[in-house]
Amino acid sequence: MKNSDKLRLVFREYRFGCLENIISVGLQALIFTIVILLFTVSFELDDVLSGYMAPMYSHGYGFTLFGYSQDDIPELEKQGFRDIEFYENGDAYGYRDNLSDIWFIKILAIMDGRDIWNSELDEIVNYIFFGQITFLALGVVMFIIMLNNISNSISMRLMLREKYLRMMSGLGCRKSILRSIFFMVFAFRSILAILVAVAAVAVCVDKINAYLHRIMLISLGFSCFSPAYIIGIGLISIVLIFFTFERQWRARA
Amino acid sequence: MIIAENVSKKFMDSDREIWPVNKLSINVESGRFFSIVGRSGSGKSTLLKILGGLLEPTDGKVVIDGKDIYSLSRNEIADYRNQVIGFVFQDYFLEEMYTVYQNVEIALMIAGVDKKDRAQRVEAALEAVELGDKKSSLVKNLSGGEKQRVSIARAIVNNASIIFADEPCGNLDWENSQNVMRLLRKQCDAGKTVVLITHSLDDAKLTDEIITLKDGSIIEHEKLR
Ligand SMILES: Nc1ncnc2c1ncn2[C@@H]1O[C@H](COP(=O)(O)OP(=O)(O)OP(=O)(O)O)[C@@H](O)[C@H]1O
Ligand SMILES: [Mg+2]
């Protein structure tokens, strides 16, 4: 079969179950939006909090650095510490301008038998840690819920089109061609949903930024909200949808 | 020429074996019109599917024009069905939401025929079944007789040399049945092999050879012409 004809058949499929198509795209877009927002908040929570507290720490955030030596200065500087000073007892003290990735750096230090510590900030570092973990977990849970929803919708659609599939096989259509046509049917729906979700997230981020700017004069970089990040989420989703589709396709045969 | 040698098919019904086709051999000569008759459950549809490359037999082989079709790969069998064989079924097997044209065209799409070459061939096939003026109608709006003629058009559009029809008149009234029989005869006169399953002895008498099945075996093979 010619590729243009495959596409023609894919688009003909959208005539069946019009309402179901719209609901499916809408639902997927909604959950994608929530997932991306949760991931974004999770990634950005450290920057939001440090931005919020920045006026109280105009000299930067000071940390006591246990277990480091002079040789470690380049590594510490790479991690964002500056003005590092060593005391006679071997401990050091250093400043950072923000709390980006602070618990990640702390965990790395602890794994090496060292520590990065500030009595005042320790509680906040913990909040950041649990906040990021919680939002990340929520995002993953929502993502799994969405995959489950997509899986059900694929299985329902394949059931609805069972007679058509048998007709096509009877007419001599290769199984692999039918499979690629139906995979495209579901993949295009999800791609559309992702695009809608990205637009929705862009609007949300804009609104959140405007709000944060008004109340605390900071704006989120949302570094993760970049083309590479979106393409990454899109690719991972399509791969997962492919495996979901494969499972349902085999279950049918 | 279709040669079935000692074909058998086994199905499992819970833990009981059923052999709807049992050590059956038959030669279907090219260019002739065959009918298969027999009581319900005698294995007619199962035999037709085996002969048409839709159902692999448990034992035996089917040789069409010198090719043992079940020794081919799955893709090769599919291509073979598309290019050499046309099917017509009692319940039409059409896509109701497609137009008449699209239903016939799909067989050509599967064959990889260019879009610009399709129009002429689809129209010729629809002319042959006297549906030239219905090509843009949705199939769901057609009568049973018209639907069956669409499925005949689809079976012949690829220039299949063999047409298998499983009770094509089962849902049709007398007049529409006569029409379908006439169209199948026309295909046979044009050099195609036609194999028809029917419950009507009147229809069977219009064919060249009548094969009677009982319990998955041939009990009579009568040549009329
Ligand atoms: N997929 C299957 N699984 C189990 N048994 C089957 C299957 N297909 C057919 N059979 C059995 O095989 C026997 C023959 O079926 P077949 O459809 O070939 O009969 P038939 O002669 O076409 O009957 P009819 O005139 O009613 O169409 C029947 O007893 C049927 O129940
Ligand atoms: Mg039957």
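The values are calculated or read from the model by the stated rules, or taken from the named source; none is laboratory data. Because the structure is a prediction, the values reported are computed rather than measured. Reconstructed Cβ throughout: ideal geometry from the backbone, glycine too, with neighbour counts over all protein chains shown. The protein model used for the area step is the full one, side chains on, heavy atoms only, and it has no ligands, DNA or RNA in it. Shrake-Rupley method; radii C 1.70, N 1.55, O 1.52, S 1.80 Å.
Looking across segment A:164-191 at every residue that is open to solvent by less than 10 Å² (accessible area, probe 1.4 Å) and in a loop (DSSP other than H, G, I, E, B), the one that is nearest to the other protein chains (Cβ to nearest Cβ) is identified as A:GLY172. Scoring B:PHE33 on the criteria (1) within 16 Å of ligand 2 (Cβ to nearest atom); (2) out of contact with any Leu (no Cβ under 6 Å at 6 or more places or on another chain) leaves a single failure, condition (1).
With respect to (1) more than 17 Å from B:GLY52 (Cα to Cα); (2) under 16 Å from the mean Cα position of the chain (by Cα); (3) basic (Lys, Arg); (4) within 13 Å of chain A (Cβ to nearest Cβ), the lone exception for B:LYS116 is condition (2).
Scanning segment B:39-63 for residues that are within 13 Å of ligand 2 (Cβ to nearest atom) and of a type in the set (Ser, Thr, Tyr) yields B:SER40, B:SER42, B:SER45, B:THR46. Among the residues of segment B:172-225, those that are farther than 30 Å from B:TRP19 by Cα, open to solvent by less than 40 Å² (accessible area, probe 1.4 Å) and under 16 Å from the mean Cα position of the chain (by Cα) comprise B:SER177, B:VAL180, B:MET181, B:LEU183, B:LEU184, B:GLN187, B:CYS188, B:LYS192.
Scanning segment B:8-18 for residues that are at negative phi and away from ligand 2 (no atom under 16 Å from the Cβ) yields B:SER8, B:LYS10, B:MET12, B:ASP13, B:ASP15, B:ARG16, B:GLU17. Candidates A:PHE66, A:PHE39: the one that is under 20 Å from A:ASN148 (Cβ atoms), among the hydrophobic types (A, V, I, L, M, F, W, C) and touching a residue at least 24 places away in the same chain (Cβ under 8 Å) is A:PHE39. From the list A:ILE124, A:ILE154, A:ILE150, A:ILE84, the one residue that fits, being open to solvent by less than 50 Å² (accessible area, probe 1.4 Å), away from chain B (no Cβ under 14 Å), over 23 Å from the mean Cα position of the chain (by Cα) and under 30 Å from B:MET109 (Cβ atoms), is A:ILE154. Just for segment B:7-47: of the residues that are free of Cβ contacts under 8 Å to residues at least 12 places away in the same chain and farther than 13 Å from B:ASP215 by Cα, which one is nearest to ligand 1 (Cβ to nearest atom)? Among those that are free of Cβ contacts under 8 Å to residues at least 12 places away in the same chain and farther than 13 Å from B:ASP215 by Cα, it is B:PHE11. Suppose we keep only residues that are assigned to a loop (DSSP other than H, G, I, E, B) and without any contact (Cβ under 8 Å) to a residue 24 or more places away in the chain within segment A:84-136. Which one would you say is farthest from A:TYR68 (Cα to Cα)? Selected residue: A:GLU120.
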